[in-house]
1. Quick one: which residue in SER44, SER23 is touching a residue at least 60 places away in the same chain (Cβ under 8 Å) and under 22 Å from SER84 (Cα atoms)?
2. In segment 38-45, is there at least one residue being in contact with a Ser or Thr (Cβ under 7 Å, 6 or more places away or on another chain), in a helix (DSSP H, G or I), at pLDDT below 95 and not polar (S, T, N, Q)?
3. Considering each of ARG108, ARG138, ARG81 in turn, give the residue that is on the phi < 0 side of the Ramachandran plot and loosely packed, with under 12 Cβ neighbours inside 10 Å.
4. Quick check on segment 16-75: of everything there that is small (Gly, Ala, Ser) and farther than 21 Å from ILE123 by Cα, which residue is surrounded by the most Cβ atoms within 10 Å (Cβ to Cβ)?
5. State all residues of segment 126-135 that are crowded, with 17+ Cβ neighbours inside 10 Å and not aliphatic (A, V, I, L, M); if no residue qualifies, say none.
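The values are calculated or read from the model by the stated rules, or taken from the named source; none is laboratory data. All values reported here derive from a predicted model rather than from experimental measurement. FYI the Cβ positions are ideal-geometry reconstructions off the backbone, even for glycines, and counts take in every protein chain you see.
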Amino acid sequence: MKVMVGGTFDPLHDGHRSLLNRSFELAGNNGQVVIGLTTDPFASQKTHPTRPFDTRKKELIDNLSGQNSTADWVVEPLNDRFGSALDADFDAIVVSEETLPVAVEINRLRRERGKKKVDIHQITCVLADDGRWISSTRIWRGEIDIHGRLIGER
């Protein structure tokens, strides 16, 4: 199965790992995961700072290289909310609760273009120790670490 997933992945945290793990589970043996990584101009729209594309890509690749999966994977630049998902042939997209509306819009636009609908798989956002979502924004603010532990409570 060919699966798509996307994000800024900065910093790469346990919520991102859950999203990626689900993508590889769905792809299965000999499947493929296409990971859209936001480009610097697109990432600059975030409310928090982001590291350069090449830095984020290296961290992502290092993390993926250490996993035990038979699925193939590729990282491609993501210049907007949709990337290649509007025209590419693939089977499923994996999103979080936060990005579900984007996947719904992708299917709507695919239908308008005469493309087949793709399955949407939504993961539950990973919670920090305080019961709120782990997010890059919270990490950049210094509230939590990449595992959702409250800063100062280790």
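1. Criteria check complete, one pass: SER23.
2. Within segment 38-45, one or more residues are in contact with a Ser or Thr (Cβ under 7 Å, 6 or more places away or on another chain), in a helix (DSSP H, G or I), at pLDDT below 95 and not polar (S, T, N, Q).
3. Of the residues listed, the single one that is on the phi < 0 side of the Ramachandran plot and loosely packed, with under 12 Cβ neighbours inside 10 Å is ARG108.
4. Looking at the filtered set, the residue picked out is ALA43.
5. TRP133, SER135
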